[in-house]
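First the structure, in the form of C-alpha cells, and then the observations on it.
The values are calculated or read from the model by the stated rules, or taken from the named source; none is laboratory data. These numbers come from a predicted model, not from an experiment. Counting neighbours? That spans all protein chains shown, and the Cβs are built from the backbone with ideal geometry, glycine included.
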Amino acid sequence: GDSSVGSSGGGAKDGKIVMGFAQVGAESGWRTANTKDIQETAKEAGVDLKFSDAQQKQENQIKAIRSYIQQKVDVIAFSPVVESGWDTVLKEVQNAKIPVILTDRAVDSQDTSLYKTFLGSDFIEEGKKAGQWLVDQYKDSKDDVNIVQLEGTTGSAPANDRKSGFEEIVKADPKFHIIASQSGDFTRAKGKEVMEAFLKSNPDIDVLWAHNDDMGLGAIEAIEGAGKVPGKDIKIITADATHDGMQALADGKINFIVECNPLMGKQLMDLAKKVVNGEQVPQRVVTEETTFTQEQAKEVLPSRKY
Ligand code: GYE
C-alpha cells in the first residue's frame, strides 16, 4: 500500500500489502498461538501488518476496522468477537473498496458480498465430534449421564456452533441430560468460577463439555478444589488441543480433545495476496482438524506446534 498515491484498497502499488487485522483479544492459549502465527506469517510473506486487540469487545473491533478504513489499508482481516451486528461497518468497508477476509469466526450477515472469504474451522463439526465421543463412551450403559457445559463467549460463532453440534448428537439418546450450561467466556478464570457454581448446585455431574481447553483447565482446578478427581469422577471433553490442554489430556485429567487449529496465518496471507490482486478465491476455506484421546496426546505432545 502506498498512501501517497491515494490507494483505496485497489491493490498494493509498491508490492507490499498493508493488512489491518482486528483480533478478538488474548483470552486463551488458542488465541495467543493464533496471534503469534499471524504476526510471524505476515513477516514471512512481506505483508505490512497493522494489528489491534479488541479485548473481547465488539465496539473495539468496530473502531479498529474504521481506523483501517481511514488508513486506506489494502485488505482488512478480522476474527469477529460475536456473529451479529456487522452489516453497518462492513458496508463502510465495502464503500471504501477494501476487501475483507473473515478469519477464524463467522458473521451472520445475509449479504455475503460484504466479505471475500471466510477462513476457519467448522465449529458444528467440532461439537459433533465431542458428542460422538461421549455417545461411544457410554454405548454399553443405560444409566443416566449428567452433563454440564461451559460455553464460549456468548454470541460467538464457536460457542453457538459447538453447542448446537454437541447437543444435536447427545439429544438423540434420552439418557444424556445437559443439566447446566453457561458461558465461561473462553477464559480459565471464568471456567473455574462457573464450574465452582455448577458443582455447588449439582452433586451428580458425570461429564463436562467445555468449549475450549482454557475453560476446561480452570474447571479442573474447581473440581480438584471440591475434592473430586478430574478425568475420573467427572469426565472432561474440551476443544482446541493447545499445549496445556494436551498436557492435561496426557496426564489423565481431560478425557478427549477436539482439535481446532489456530495456525491459519499462512493461508490468510495467501488469500490476502489473491484478493488484493483481484483474483477469485473460494467463499469458504475450512481448516483441517482431528481429535485426540489420552494415548494419542502422549504420542504427539512432543511435536505439537502450539
Ligand atoms: O476455541 C477459543 C478462543 O474462535 C476458535 O476462540 C476460536 C476460539 C477458541 O478463545 O479458545
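Out of LYS228, LYS192, report the one residue that is of a type in the set (Lys, Arg) and touching a strand residue (DSSP E or B) at 6+ places or on another chain (Cβ under 7 Å). Exactly one residue qualifies, and that residue is LYS228. State yes or no: is ASP104 buried (at least 23 other Cβ atoms within 10 Å of the Cβ) and either under 23 Å from LYS274 (Cα atoms) or free of Cβ contacts under 8 Å to residues at least 12 places away in the same chain (or both)? Answer is yes for this residue. Of all residue pairs spaced 6 or more apart or on separate chains, those with beta-carbon atoms under 7 Å, a first member in the stretch 218-247 that is surrounded by fewer than 16 Cβ atoms within 10 Å (Cβ to Cβ) and a second member that is in a loop (DSSP other than H, G, I, E, B) are HIS243/ARG304; HIS243/TYR306.
Among all residues of the stretch 28-50, there is at least one that is outside any helix (DSSP H, G or I), crowded, with 24+ Cβ neighbours inside 10 Å and within 18 Å of the chain's Cα centre (by Cα). The residues of the stretch 152-173 that are crowded, with 23+ Cβ neighbours inside 10 Å and acidic (Asp, Glu) amount to a single one, ASP161.
Screening THR88 against (1) more than 24 Å from THR287 (Cα to Cα); (2) among the β-branched types (Val, Ile, Thr); (3) surrounded by fewer than 20 Cβ atoms within 10 Å (Cβ to Cβ); (4) touching a Gly at 6+ places or on another chain (Cβ under 6 Å) leaves a single unmet condition, (4). For the criterion of being among the hydroxyl-bearing types (Ser, Thr, Tyr) and either assigned to a strand (DSSP E or B) or touching a Lys or Arg at 6+ places or on another chain (Cβ under 9 Å) (or both), SER109 fails. A single entry from GLU279, GLU259 fulfils the requirement of being over 21 Å from VAL73 (Cβ atoms), among the acidic types (Asp, Glu) and either surrounded by fewer than 21 Cβ atoms within 10 Å (Cβ to Cβ) or at pLDDT 95 or above (or both): GLU259.
Can you confirm whether GLY265 is of a type in the set (Gly, Ala, Ser) and exposed (fewer than 14 other Cβ atoms within 10 Å of the Cβ)? No: the conditions fail for GLY265. Pairs linking a residue in the stretch 135-162 that is closer than 18 Å to LYS57 by Cβ and away from the ligand (no atom under 16 Å from the Cβ) to a residue that is at pLDDT 95 or above and hydroxyl-bearing (Ser, Thr, Tyr), with Cβ atoms under 7 Å and 6 or more positions apart or on different chains, do not occur. Restricting attention to the stretch 70-85, the residues that are without any contact (Cβ under 8 Å) to a residue 40 or more places away in the chain and either in a loop (DSSP other than H, G, I, E, B) or buried (at least 20 other Cβ atoms within 10 Å of the Cβ) (or both) total 1. Only residues that are farther than 19 Å from ALA106 by Cβ and either within 15 Å of the ligand (Cβ to nearest atom) or surrounded by fewer than 20 Cβ atoms within 10 Å (Cβ to Cβ) (or both) were counted in the stretch 282-306, giving 16. The strands (runs of 3 or more DSSP E) found wholly in the stretch 178-276 and carrying at least 1 residues that are within 16 Å of the ligand (Cβ to nearest atom) and either more than 23 Å from TRP30 (Cβ to Cβ) or of a type outside the set (A, V, I, L, M, F, W, C) (or both) occupy 235-240, 256-259.
Annotation: of all residues in the stretch 291-306 being at pLDDT 95 or above and outside any helix (DSSP H, G or I), the one that is farthest from the chain's Cα centre (by Cα) is THR293.
The number of residues in the stretch 104-123 that are within 16 Å of the ligand (Cβ to nearest atom) and among the polar types (S, T, N, Q) comes to 1.
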